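So the structure is just underneath, and the comments pick up after that.
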Amino acid sequence: MIGQETRMHLVLAAIHIEASARAVPLGPAMLASVVKRAFPESIRTRILDLFLDQSAEACAEQILALDPDWVGFSIYVWNRLQSREIACILKVRKPSILLFAGGSEASADPAGMLSEGFLDFVLPGEGEEIIVEFLGNLLRGAPPDEIRRAIRPSPVKDLATLPSPYLDGSLDPSAYPGMLWELSRGCPFRCDFCFESRGTQGTRRVPMDRVKAELHLFEACGVSQVFVLDPTFNFDKRQAKAILRLIAAEAPAIHFFFEIRSEFIDAELARLFASIKCSLQIGLQSADDAVLRNINRSIDPEDFEAKVLLLHEAGATYGFDLIYGLPGDTLEGFHASLDFALSLVPNHLDIFPLSVLPGTRLHETAPEFGLEHLKEIPYTVVKSPGFSEADMHAAARTAHACDLLYNQGKAVPWFAMLLDALDLRPSELFARFAGFLETHADPDTTALQVAFFNSCFSEREVAAIAADIVTYFGYSGALLEAAALNPGDSGETAGTRLPAHACLATFQHDPLALLEQLENGITELEDLACVLTEEPCQAELYIEGGACLLRIVTPGQGATFTRIRNGSGADPESQDTL
């Protein structure tokens, strides 16, 4: 038994995919909160942020620098292999160290993880209650076999019983560029490819008094982005509307990211989403009801379109998820779903290959559907009866082309315009762009798009109009996004009159005249080519007051802009100033 005077050192390690606004160790912090409450004098807990681009050796060094007795890992698909490497190094460097793990990978495959030999214990399921019992057994010196027998998944029945890691100081909102905000656990649906609802019944929600207190703290700490952890935020429409009204009143400056279901959208909810700064993600997955029924989902395309139209008319920002390689699907079916999704003008479209995750029902039924998939991380489907290996590669090329051209390329304002001019379906355009990418590359996504569309149009005048449209919306969209993500970088570049968020762009026509024609409703490229005179020029695009403004510059001003951006400063002999 560990003596009363001994204080054990526990490190809870979070290995993030990359440094980003989502890289917040909420899971470890939730555990740290209950440990602090249960063992205030006997256990000292530290939370450590690690990243996939670090070497296992560097991660182990950071852990050992904290001199831990016990180390807990949150293990997911993306960090299982790195966690194993780190753990092996720790065992060599400090043989007395005790290692355990939780997380979705540990919950789905506890026996497999233990058999790999790098962990002493695995804690499957929700961790708050199980870790308190586990650490209590360690403190009293229980034998390892007895401790293992006592480990049983134990979902927290009432989330009101849990302390908030934000409110008790375990996690400082001001220390991270964004926040993860848990509003519920469990899921009322039973999608076969998802682990979210397995082992739990229904949905448990965080009480509103805690929601209010955490939101007030986020606002007080100057948090700019919040990612809401609730896979069906609008399932309980009454509570969802109450939270949206609270956000509008108490935290209007924060941008929120929600996952929602289309079935539960109504006109009032759409208006509430549009009244705050937020982005919505809707899991479409496929537009084919027969395919979705193979994974215990369904869709009514007409209802889906009608509900999304409510968001569109209200002015809310929304995107969709698509999955290729689903059981019963084909490459042609995936393309049809892609075309359907883009006909609804999403702000972005995220496309993934199907992964057959351990612990999911799909993992059990995959043989029935003839799904061949990787047995190790990332568990992705290799082929199926309707989706050959070549088809999976073709879908991956399409997904990459869509991400680059549509998402990264800020294509929403002009996509339908250029698509109609080329008389192509979205899937056909992305296939053509994927082929273009095999021989062309440019770190400037907008410049790459311009080169691509120049190759698509045979008429030079129409190609020039298309290039100008892509140029304006590509660069202005990127500037607006950068300003939103870094609101503190306002004002001017030090020592110049150059705005911090600004760029120089080349146009074949007067961009102000082009924008005026677009605002007047002239959107046919051939019509625009008739009413606009070709006038090659450069223009400065810059952010002011939350909007993207534009002004034509002289060649000398353009040269000055370039010198400043390159760090060489303005030419003292030049008469052209910005």
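State yes or no: is Pro378 surrounded by 21 or more Cβ atoms within 10 Å (Cβ to Cβ), in contact with a strand residue (DSSP E or B) (Cβ under 9 Å, 6 or more places away or on another chain) and part of a loop (DSSP other than H, G, I, E, B)? Lay out the reasoning, then the answer.
On the way: surrounded by 21 or more Cβ atoms within 10 Å (Cβ to Cβ): no; in contact with a strand residue (DSSP E or B) (Cβ under 9 Å, 6 or more places away or on another chain): yes; part of a loop (DSSP other than H, G, I, E, B): yes.
In short, no.
Please state which of the following conditions Cys194 fails to meet, knowing it meets all the rest: (1) crowded, with 19+ Cβ neighbours inside 10 Å; (2) within 24 Å of Arg297 (Cα to Cα); (3) more than 20 Å from the chain's Cα centre (by Cα).
Evaluating Cys194 over (1) crowded, with 19+ Cβ neighbours inside 10 Å; (2) within 24 Å of Arg297 (Cα to Cα); (3) more than 20 Å from the chain's Cα centre (by Cα) leaves (3) as the failure.
Against the condition surrounded by fewer than 19 Cβ atoms within 10 Å (Cβ to Cβ), of a type outside the set (Val, Ile, Thr) and farther than 21 Å from Asp350 by Cα, how does Glu302 come out, does it pass?
yes
Applying the selection to region 173-192, what residues are closer than 13 Å to Leu217 by Cβ and among the small types (Gly, Ala, Ser)?
If the condition is that a residue be closer than 13 Å to Leu217 by Cβ and among the small types (Gly, Ala, Ser), then Ser174, Ala175 are the ones that fit.
Out of Pro110, Pro177, report the one residue that is within 23 Å of Lys91 (Cβ to Cβ) and surrounded by 14 or more Cβ atoms within 10 Å (Cβ to Cβ).
On the way: Pro177 fails: within 23 Å of Lys91 (Cβ to Cβ).
Being within 23 Å of Lys91 (Cβ to Cβ) and surrounded by 14 or more Cβ atoms within 10 Å (Cβ to Cβ) holds for just one of Pro110, Pro177, which is Pro110.
Are there any pairs with C-beta distances below 8 angstrom linking a residue in region 53-68 that is touching a residue at least 24 places away in the same chain (Cβ under 8 Å) and aliphatic (A, V, I, L, M) to a residue that is part of a loop (DSSP other than H, G, I, E, B) and surrounded by 14 or more Cβ atoms within 10 Å (Cβ to Cβ), with the two at least 6 apart or on different chains, and if so which?
Leu64/Lys94
Taking region 141-168 as the search range and keeping residues that are without any contact (Cβ under 8 Å) to a residue 40 or more places away in the chain and assigned to a loop (DSSP other than H, G, I, E, B), which one is nearest to Phe218 (Cα to Cα)?
Ser154
Among Ile47, Ile63, Ile43, Ile15, which is in contact with a Cys (Cβ under 9 Å, 6 or more places away or on another chain) and either farther than 30 Å from Phe258 by Cα or in the same structural domain as Val122 (by TED's automatic domain parsing) (or both)?
Result: Ile15 is the single residue among Ile47, Ile63, Ile43, Ile15 that is in contact with a Cys (Cβ under 9 Å, 6 or more places away or on another chain) and either farther than 30 Å from Phe258 by Cα or in the same structural domain as Val122 (by TED's automatic domain parsing) (or both).
Does region 395-402 contain any residue that is in a strand (DSSP E or B), buried (at least 18 other Cβ atoms within 10 Å of the Cβ), modelled with pLDDT of 95 or more and within 21 Å of the chain's Cα centre (by Cα)?
no
Could you check Arg37 against (1) within 26 Å of Gln225 (Cβ to Cβ); (2) charged (D, E, K, R); (3) surrounded by fewer than 16 Cβ atoms within 10 Å (Cβ to Cβ) and say which number it fails?
Against the list (1) within 26 Å of Gln225 (Cβ to Cβ); (2) charged (D, E, K, R); (3) surrounded by fewer than 16 Cβ atoms within 10 Å (Cβ to Cβ), Arg37 comes up short only on (1).
Give the residues of region 68-123 that are over 30 Å from the mean Cα position of the chain (by Cα) and polar (S, T, N, Q), sorted by residue number.
Matches in region 68-123: Ser96, Ser115.
Quick test for you: out of Val470, Val412, Val462, pick the one residue that is of a type outside the set (S, T, N, Q) and touching an Asp or Glu at 6+ places or on another chain (Cβ under 9 Å).
Unique residue meeting the criteria: Val462.
Residue-by-condition table, conditions (1) crowded, with 16+ Cβ neighbours inside 10 Å; (2) polar (S, T, N, Q); (3) in contact with a helix residue (DSSP H, G or I) (Cβ under 6 Å, 6 or more places away or on another chain):
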site	(1), (2), (3)
Val291	yes, no, no
Asn294	yes, yes, no
Arg297	yes, no, no
Leu311	yes, no, yes
Ala316	yes, no, yes
Leu326	yes, no, yes
Asp329	yes, no, yes
Gly333	yes, no, no
Ile351	yes, no, yes
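Looking at region 434-462, which of its residues are surrounded by 20 or more Cβ atoms within 10 Å (Cβ to Cβ) and either of a type in the set (Lys, Arg) or in contact with a Ser or Thr (Cβ under 9 Å, 6 or more places away or on another chain) (or both)?
Passing the criteria: Thr446, Gln449, Val450.
Residues checked against (1) more than 21 Å from Glu332 (Cα to Cα); (2) of a type in the set (A, V, I, L, M):
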residue: Thr360; (1), (2): yes, no
residue: Glu376; (1), (2): yes, no
residue: Val381; (1), (2): no, yes
residue: Gly386; (1), (2): no, no
residue: Phe415; (1), (2): yes, no
residue: His440; (1), (2): yes, no
residue: Pro443; (1), (2): yes, no
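Aliphatic (A, V, I, L, M) and within 23 Å of the chain's Cα centre (by Cα), is that true of Ala336?
So Ala336 fails the test.
Looking only at residues that are in a strand (DSSP E or B) and buried (at least 21 other Cβ atoms within 10 Å of the Cβ) in region 466-502, which one is modelled with the lowest pLDDT?
Pro499
Which of the residues belonging to region 206-242 are part of a loop (DSSP other than H, G, I, E, B) and among the aromatic types (Phe, Trp, Tyr)?
Listed by number, the residues that qualify are Phe233, Phe235.
Residues that are touching a His at 6+ places or on another chain (Cβ under 9 Å) and over 18 Å from Val11 (Cα atoms): does region 119-141 have at least one? Spell out how you get there, then give the answer.
Taking region 119-141 and keeping what is touching a His at 6+ places or on another chain (Cβ under 9 Å), we get none.
Checked region 119-141: no residue is touching a His at 6+ places or on another chain (Cβ under 9 Å) and over 18 Å from Val11 (Cα atoms).
Please find, among Phe134, Phe189, Phe121, the residue that is modelled with pLDDT under 95, surrounded by 15 or more Cβ atoms within 10 Å (Cβ to Cβ) and hydrophobic (A, V, I, L, M, F, W, C). So that I can check it myself, show each step before the final result.
Working: Phe134 fails: modelled with pLDDT under 95; Phe121 fails: modelled with pLDDT under 95.
Exactly one residue qualifies, and that residue is Phe189.
Per-residue answers, yes or no, for (1) in a strand (DSSP E or B); (2) in contact with a His (Cβ under 7 Å, 6 or more places away or on another chain):
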site: Leu309; (1), (2): no, no
site: Tyr318; (1), (2): yes, no
site: Gly328; (1), (2): no, no
site: Val345; (1), (2): no, yes
site: Leu349; (1), (2): yes, no
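Is it true that Ala290 is over 23 Å from Ala399 (Cα atoms), at pLDDT 95 or above and assigned to a helix (DSSP H, G or I)?
no
Here's the yes/no breakdown for (1) closer than 13 Å to Leu292 by Cβ; (2) of a type in the set (A, V, I, L, M); (3) more than 19 Å from the chain's Cα centre (by Cα):
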{"position": "Asp329", "(1), (2), (3)": "yes, no, yes"}
{"position": "Leu344", "(1), (2), (3)": "no, yes, yes"}
{"position": "Asp350", "(1), (2), (3)": "no, no, no"}
{"position": "Pro358", "(1), (2), (3)": "no, no, yes"}
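Is there any pair with a first residue in region 242-267 that is assigned by TED's automatic domain parsing to the domain that holds Cys278 and a second that is of a type in the set (Asp, Glu) and in a helix (DSSP H, G or I) whose Cβ atoms are under 7 Å apart and which are 6 or more apart or on different chains, and what are they?
Between residues of region 242-267 that are assigned by TED's automatic domain parsing to the domain that holds Cys278 and residues that are of a type in the set (Asp, Glu) and in a helix (DSSP H, G or I), the close pairs are Glu250/Glu219; Ala251/Glu219; Ile254/Glu219.
Taking region 26-38 only, how many residues are within 13 Å of Pro163 (Cβ to Cβ) and in contact with a helix residue (DSSP H, G or I) (Cβ under 9 Å, 6 or more places away or on another chain)?
Residues that pass the stated criteria total 7.
The values are calculated or read from the model by the stated rules, or taken from the named source; none is laboratory data. As the structure is a computational prediction, the values presented were derived from the model and not from experiment. Counting neighbours? That spans all protein chains shown, and the Cβs are built from the backbone with ideal geometry, glycine included.
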